[in-house]
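See below for the structure under consideration.
The values are calculated or read from the model by the stated rules, or taken from the named source; none is laboratory data. Not measured: the values here are computed from a predicted model. FYI the Cβ positions are ideal-geometry reconstructions off the backbone, even for glycines, and counts take in every protein chain you see.
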Amino acid sequence: MELRIVIVSDLHAFAASDLKAKQPSPSHLNIALPEDQPTRHPIAGLMKLIEELQLKADLLLCPGDMGDRASREGIQYAWKKLHELKERLDAKFLATATGNHDVDSRGKHSTFDPLDILKNLVPPYPFADDSSTNEYWAAAFSVTEFPACRLVTLNSSAYHGNTTIEKNHGRITDLTLSKIERYLRGRKPKPVNLLLCHHHPQQHSELGLGEYDTMHQGQQLLDLLGSGSLGRWLVVHGHKHHPKLTYAAGSSSSPVVFSAGSLSAILYAELGTAARNQFYELTFDLNQISRFGPVGRGRSWYWASARGWLPAPPGSGLPAHFGFGWREDPLVLATRFAPLVKPGFTPWDEFVNAAPEVAFLAPGDLEQFIAELKGEHSINVTRDSDNSPVEVGREI
Ligand SMILES: [Fe+2]
Ligand SMILES: [Fe+2]
């Protein structure tokens, strides 16, 4: 049995009326864009791709920033489009965490409630049922239980609009941490445990992206989830617009941290050519989880101007195909599996059938594994145009 998740983050939808004279567009998602042009409209392009590839998902996750700079029309548009995507994917559930751009922290639209736009969305935001929504606003998190999956949706933007400094970063409070801990301690972990939030719970400052905006006390959240007794966790966040997959600091039970790239924002200049707009599908095979622990596989697509969504090439962020969860040292793994490779080339899939842990190496670990095969064991791996391994063979 498989659990499939699609992630679309940081849409930053806007209306032309939000912009001042000569202000550049913040994203590719102008709400007035004609929806019959799937190579120009990121959501229309996504709908087309879902149709062509027959993509299905159990959960659709959005880690926030639906609109840009509290654009009322942008937020309303993105919320509607997320529901259309959920339908198109046949997803059972849509979960959204609040982004800093979704909160009217500068009082553009309401002088008394920075959440006014979100609270008035139709269908209700962020959950269809009132009790989950009330819990989310009151306690800054809500938990949704599925047979094989637990999902914690955390509002890391909960204090935006309170004081001027709070809008510059995320936060989880001691109270929220203790409430999450109390909830999790009373329940058996699920095979898949997910936490969805907007801000990064650990520093993510490379490429000049800055250290100021991290989720305050995020390290304590990661330490709690990674303590070992509460299950194995995948944290999905947005905000940085920089795709990255890492393991949090701590023991080998530390959470996988998935920094989703932006679906449609014009990327920060600092990112240069290091990232493009992306979206993701993650697959958890429950049989493989019971055999190998908390492992999974993923696919990425990137937005190619005037061409639509294509499998992610090198340099666009996360690769077209990737794994996560198997933390064995790739150099040790190369020594372990090198004897399986015979002279002449064999298909990569055949090799991975005999060495299944390789499918769950994180992108950086897979590169080290392939480099070690070549450097120490005279084994070559050929790649296709999106850099996915195709064949593996030993030099004679
Ligand atoms: Fe964003
Ligand atoms: Fe953000």
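List of remarks:
- Within the stretch 342-359, tally of residues that are assigned to a loop (DSSP other than H, G, I, E, B) and either small (Gly, Ala, Ser) or surrounded by 15 or more Cβ atoms within 10 Å (Cβ to Cβ) (or both): 1
- Residue list for the stretch 57-77, filter: aliphatic (A, V, I, L, M) and under 17 Å from the mean Cα position of the chain (by Cα): Ala57, Leu59, Leu60, Leu61, Met66
- Taking the criterion of being within 16 Å of ligand 1 (Cβ to nearest atom) and either among the basic types (Lys, Arg) or not in a loop (DSSP other than H, G, I, E, B) (or both), the residues of the stretch 219-243 that qualify are Val236, His237, Lys240.
- Number of the exception - Glu2 against (1) modelled with pLDDT of 95 or more; (2) farther than 22 Å from Thr283 by Cβ; (3) more than 16 Å from ligand 1 (Cβ to nearest atom): (2)
- Number of the exception - Pro42 against (1) of a type outside the set (D, E, K, R); (2) crowded, with 22+ Cβ neighbours inside 10 Å; (3) over 18 Å from the mean Cα position of the chain (by Cα): (3)
- Restricting the stretch 139-195 to residues that are touching a residue at least 12 places away in the same chain (Cβ under 8 Å), of a type in the set (S, T, N, Q) and not in a loop (DSSP other than H, G, I, E, B), the residue that is surrounded by the fewest Cβ atoms within 10 Å (Cβ to Cβ): Asn168
- Any hit, the stretch 260-269, residues being touching a Pro at 6+ places or on another chain (Cβ under 7 Å), surrounded by 22 or more Cβ atoms within 10 Å (Cβ to Cβ), among the polar types (S, T, N, Q) and not in a loop (DSSP other than H, G, I, E, B): no
- Residue tally, condition away from ligand 2 (no atom under 16 Å from the Cβ) and crowded, with 22+ Cβ neighbours inside 10 Å, over the stretch 49-78: 4
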